[in-house]
Amino acid sequence: MTMNKKRFNIKQGLKVKIVLKQDQKTGKLTQGIVKDILTNSPSHPHGIKVRLQDGQVGRVQEIL
């Protein structure tokens, strides 16, 4: 299990790349700064769900 699948690795203010719901088929990544962590469980197989400062919601794929 990689870093982006564990909640304790994700912090507010972190620069990340997420996959948006509509981009899950293509795998297109969106870069931004974490505003809120939306996943409550300690880990998730598809990545931790976050809200970026611009309001977009997706699952973390990379920590920058």
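A few notes on this one:
- Any hit, the range 41-52, residues being over 15 Å from Asn4 (Cβ atoms) and either more than 8 Å from the chain's Cα centre (by Cα) or aliphatic (A, V, I, L, M) (or both): no
- Residues of the range 1-38 that turn out to be touching a strand residue (DSSP E or B) at 6+ places or on another chain (Cβ under 8 Å), part of a loop (DSSP other than H, G, I, E, B) and either open to solvent by 70 Å² or more (accessible area, probe 1.4 Å) or not aliphatic (A, V, I, L, M) (or both), as a count: 6
- Sole exception among (1) more than 19 Å from Gly13 (Cβ to Cβ); (2) outside any loop (DSSP other than H, G, I, E, B) for Ser41, by number: (2)
- Every condition in (1) in contact with a Gly (Cβ under 7 Å, 6 or more places away or on another chain); (2) at pLDDT 95 or above; (3) open to solvent by less than 60 Å² (accessible area, probe 1.4 Å) is met by Val57 except one, and the failing one is (1).
The values are calculated or read from the model by the stated rules, or taken from the named source; none is laboratory data. Predicted, not measured: the structure shown is a model, and the values here were computed from it. Note that we place each Cβ from the backbone using ideal geometry, even for glycine, and neighbour counts take in every protein chain shown. The accessibility values were calculated without ligands, DNA or RNA, using every heavy atom of the protein model including side chains. Shrake-Rupley method; radii C 1.70, N 1.55, O 1.52, S 1.80 Å.
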